[in-house]
Number of protein chains: 2
Amino acid sequence: MKTTLLVVGKTVEAHYIAAINDYTQRTKRYISFDIEVIPELKNTKSLSAEQQKEKEGELICKALQPGDFVVLLDEHGKERRSIEFADWMKHKMNTVNKRLIFIIGGPYGFSQSVYDRANEKISMSKMTFSHQMIRLIFVEQLYRAMNILNGGPYHHE
Amino acid sequence: MKTTLLVVGKTVEAHYIAAINDYTQRTKRYISFDIEVIPELKNTKSLSAEQQKEKEGELICKALQPGDFVVLLDEHGKERRSIEFADWMKHKMNTVNKRLIFIIGGPYGFSQSVYDRANEKISMSKMTFSHQMIRLIFVEQLYRAMNILNGGPYHHE
């Protein structure tokens, strides 16, 4: 199984790039993982929030392949404790054949087409985070999950 | 009201320091806010988890003053959405006279003495984050709350 985090727009700030890269590299010790970036829409000022969401949704759906298991990071998704997320990943590693794709949407959330395509929704918190922050939070949790499954010392329960 | 984030041990990695400073400075536009660091315990290898927790607890209690309203960031605390946390902050700004102290504990959590002194517990997520990450998450949410209360554009609902 290949795991991918699909995001809309580049991570801009240097300290987030550094922190995200750090966890990405550490996660790669355990699984095949990469971050795929859908370029940010241009001229968003001429678009309504709804139009921007629709257009981003089209780009997201285009980036997906048949057979991908698609998981949205969504405020209405299921929240899990870190060890529960690790168990969930273990189950996915045993059942998903091709790509496990996590998606972080744009500033206004996901379009209906993306919700329709998704297999599951998960939430990292009830709180809303910046796009850069949620990427960092996700990669840290993915690394933590892999470390838990491999009996590493990173996580204290 | 003065707001303080009390943490155990310095933030070490440069990219976290940069990100945390950024949100700290931005938060200061709205409220009096600082981060207070309790130096890390030395020779923790000779201590059990329980002993380390106890010793950290003593240092935490020593840093508190009578009249402080003490809020623990704790996995058993109440989770709120970002706008709910903003409302909660607004209420605190109207009711707390002296210091509002948020505390992030050490790797093994809080000792009973700290739980006994606390007025409230809040949780940022069901997930467990690294100490550096939870500091960053907290300052981003505090900034977000202040921006929400002041009608800023940072938060999309």
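DSSP beta bridges fully contained in segment B:2-149 are about 5 percent antiparallel. Rounded to the nearest 20, the Cβ-based charge dipole of chain A about its Cα centre (Lys and Arg +1, Asp and Glu -1) stands at 320 debye.
The DSSP beta bridges internal to the protein assembly as shown are antiparallel in roughly 5% of cases. Using a/c under 1.5 as the rounded threshold, could you call chain A rounded, prolate or oblate? The axes a ≥ b ≥ c are square roots of the C-alpha gyration tensor eigenvalues, and prolate needs a/b larger than b/c, oblate otherwise. Here chain A falls in the prolate category. Per residue of B:118-127, other chain Cβ atoms within 10 Å of the residue Cβ number 5 on average.
How much FRET efficiency would the formula 1/(1 + (r/R0)^6) give for A:LYS45 and B:GLU120, where r is the Cβ-Cβ distance and R0 is 45 Å, rounded to 0.05? Let's see the in-between values first.
Working: r = 42 Å, r/R0 = 0.92.
That gives a FRET efficiency of 0.60.
Shown in residue order for segment A:106-111 are the 3J(HN,Hα) couplings computed by the Karplus curve 6.51 cos²θ - 1.76 cosθ + 1.60 at θ = phi - 60°: x, x, 9, x, 9, 6 Hz (x for Gly and Pro).
Coupling constants for segment A:6-12 follow from the phi torsions by the Karplus curve (6.51 cos²θ - 1.76 cosθ + 1.60, θ = phi - 60°), and in residue order they are 9, 10, 9, x, 5, 6, 9 Hz; glycine and proline get x. For B:SER48, B:SER125, the sequence from fewest to most other C-beta atoms within 10 Å is B:SER48, B:SER125.
Think of segment A:55-157 as a dipole: +1 on every Lys or Arg Cβ, -1 on every Asp or Glu Cβ, centred on the Cα centre; then among A:GLN112, A:SER130, A:GLY152, A:GLY152 lies furthest on the positive end.
Here's the picture: a label point sits 7 Å out from the Cα of B:LYS92 along the beta-carbon direction, and within segment B:108-143 the residues with their amide nitrogen under 15 Å of it are B:118-125, B:135-143. Other protein chain C-beta atoms within 10 Å of residue C-beta, averaged over A:73-82: 2.
With the helix formula -39500 (n - 2.57) applied to DSSP H stretches of n ≥ 4, chain A reaches a computed 222 nm mean residue ellipticity of -14000 deg cm²/dmol.
Span-like helices, chain B: DSSP H, alpha-carbon axial extent 18 Å or more, mean Kyte-Doolittle -1.0 or greater, which ones? Don't jump to the answer; show the numbers that get you there.
On the way: long enough: B:14-28 (21 Å, -0.78); B:49-63 (21 Å, -1.25); B:82-95 (20 Å, -0.79); B:131-149 (27 Å, 0.53).
Helix filter hits for chain B: B:14-28, B:82-95, B:131-149.
Report the net charge of residues surrounding A:GLY67, where surrounding means a beta-carbon distance below 13 angstrom and charges are Lys +1, Arg +1, Asp -1, Glu -1. Net of charged neighbours comes to +3.
None of the figures in this text is laboratory data; all of them are computed from the coordinates on show. None of the values given here were measured: they were computed from a predicted structure. Because the Cβ atoms are built from the backbone with ideal geometry, glycine has one as well, and the counts that use them run over all protein chains shown.
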